[in-house]
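The values are calculated or read from the model by the stated rules, or taken from the named source; none is laboratory data. Because the structure is predicted, anything quoted here is derived from the model rather than measured. Here Cβ is always computed from backbone atoms with ideal geometry, including for glycine, and neighbour counts include all displayed protein chains. Areas reflect the complete protein model, heavy atoms only, side chains present, ligands, DNA and RNA absent. Shrake-Rupley method; radii C 1.70, N 1.55, O 1.52, S 1.80 Å.
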Amino acid sequence: MDKIVSLAKRRGFIFQSSEIYGGFAATWDYGPLGVELKNNVKKLWWNRIVRSRLDVVGMDSAILMHPDVWEASGHVEGFTDPMIDCLTCKSRFREDMMEKPGQCPNCGGKDLTEARMFNLMFKTEAGSVEGSTQDVYLRPETAQGIFVQFKNVMTASRLKLPFGIAQMGKAFRNEITTKSFIFRSREFEQMELEYFVKPGEDEEWFDYWVSERDKWYKQYGIKSEHLHLREHDKDELSHYSKRTIDIEYDFPFGQKELEGIANRTDFDLKAHIEKSGKDLVYFDEQTRDKFVPYCIESSAGVDRTVLTFLCDAYEEDVIDNEERVVLRFHPAVSPVKVAIFPLMRKEPQINMAKDIFDSLKGCFNCMYDQTGSIGKRYRRQDEIGTPYCVTVDFDSIEDKAVTIRNRDKTDQVRIKAAELKSWFDGKFE
Ligand code: GAP
């Protein structure tokens, strides 16, 4: 894990937030490569869940919502963790994360408070005139934005069951345990699908979505032996769930949740019907029945997915008797798809390499690099997971051909520069 955190900082994937002020606990900033990686994760999810399907539409709701939303959803009452304070070292931790009962995980002290319930929602105030402000919450999940717009989206898009509404966006939780890099942060992003079905068809759809989501990670290169499906015990289920299966990943710090698939039944829509007094029922035109649909939720963390891709791609190997670090990302995930180098810092080579950069930059993310030996430049790209490097050399000026070097096998092919675009076509999907 230390190697990944250090690589992430050194190469501009992820930085500690507010680092120059000593950092701000459990918040992280994505640098130039990190934002590309994160955008790829979100794009691949969106394309699969929304764009490639006839039965799912997308939306983007506000982070701040009416406070009643969180009353109705049960978050004000029940979105809590049991928290214990150590009176010796003053650290605070979750009771369920104690390694040894009755002992502080930080200093080993035994002078501890009783467990107290601590609500994870961040509270703030809306309004500016003193006395007329209103307590509001930063959303702790994106899902509620979907539930409260269920009727509008369904009507506007003329949707018939089964159908899904998806969104991705920021969520906030005042986490107590904050030590595992971007795995658990206070501000993070979720990719959530709420898939509405007829009651009675929910169990079948639940199995379908567990399998779909599991396949998605594997398709983008996560090794199947590192992924596990873990069913929640009855006493572990969230207040809204009839059944939950987590997709867990073998992170360097243990097997942990990457995504949860839950059968939320009609809990949320019914809760909002009751609280708002609005009619969120579904009318089945064929059977003339009116009912509240059940909902199967797939809820993945963008940041945890980024971390999973980083951990799974990280390898150290030896090439030409030289050790290298390589991120073996699936090409669709790699933040940079192609790096372009002039072999020598000579004008005709530089010009040709820059022309190639210009001709490819509109198709996918490219990088141009002219500094250091060619070996060093390859290593720099291997370390950030760039699948291909294109080199312009002496002969290129005459024969208009370039060398393409592959990150994984490190073999090379030579093709005409004019054919590069078609050669790369389809390689980053
Ligand atoms: N809408 C359901 C829901 O929010 P959750 O299991 O609490 O369920 C879903 O969260 C996913 O969001 C998790 O599987 C994880 O990937 C991500 N997530 C939750 N809390 C997180 C945190 N503090 N930091 C980073 N990701 C988090």
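In terms of its C-alpha gyration tensor, segment 71-168 comes out oblate, because a/c is 1.5 or above while a/b does not outweigh b/c.
What residues have an amide H closer than 5 Å to that of residue 222, excluding those fewer than 5 places away on the same chain, when H is modeled at 1.01 Å from N in the peptide plane? For residue 222, no residues qualify.
Sorted largest first, the spans of the alpha carbon positions of the chain along the three principal axes are 76, 66, 50 Å.
Computed over segment 336-424, the percent of Cα pairs more than 20 Å apart is 24.
Remark on residue 340: its backbone amide H falls under 5 Å from those of 367, 368, 369, 390, a criterion applied only to residues 5 or more positions apart or on other chains, H modelled at 1.01 Å from N. Placing unit charges on the Cβ atoms only, positive for Lys and Arg and negative for Asp and Glu, gives segment 222-359 a dipole magnitude near 500 debye about its Cα centre.
Taking all protein chains into account, the per residue accessible area for the chain stands at 49 Å² (1.4 Å probe). Karplus-based coupling profile of segment 161-166, in residue order and whole Hz: 4, x, 8, x, 10, 10, with θ = phi - 60° in 6.51 cos²θ - 1.76 cosθ + 1.60 and x standing for Gly or Pro. Quick check on segment 1-84: take the gyration tensor over C-alpha atoms, sort the square-rooted eigenvalues as a ≥ b ≥ c, and tell me if it's rounded (a/c under 1.5), prolate or oblate. Because a/c hits 1.5 or more and a/b fails to exceed b/c, segment 1-84 counts as oblate. Structure note, pairs 3/421; 215/416; 151/290; 9/38; 160/223: Cα-Cα distances above 25 angstrom occur for 3/421; 215/416; 160/223.
Over all orientations, segment 199-240 has a Cα convex hull whose mean projected area works out to 4.0 square nanometres. Dividing the summed helix terms, -39500 (n - 2.57) for each DSSP H run of n ≥ 4, by the number of residues in the chain produces a 222 nm estimate of -8500 deg cm²/dmol to the nearest 500.
A convex hull fitted to the Cα coordinates of segment 261-301 yields 89 cubic angstrom per residue.
Between 422, 403, 338, the Cα set farthest toward the positive side of the dipole of segment 336-424 (charges on each charged residue's Cβ, about the Cα centre) is that of 338.
If only the Cβ of Lys and Arg carry +1 and only the Cβ of Asp and Glu carry -1, the dipole of segment 336-424 around its Cα centre is close to 220 debye. Split the accessible area of the chain by element, probe 1.4 Å, and carbon with sulfur accounts for 48%. Summing charges over all other residues whose Cβ lies under 14 Å from the Cβ of residue 75, with Lys and Arg as +1 and Asp and Glu as -1, gives -2.
Taking all protein chains as shown and a probe of 1.4 angstrom, residue 187 keeps an accessible surface of around 70 Å².
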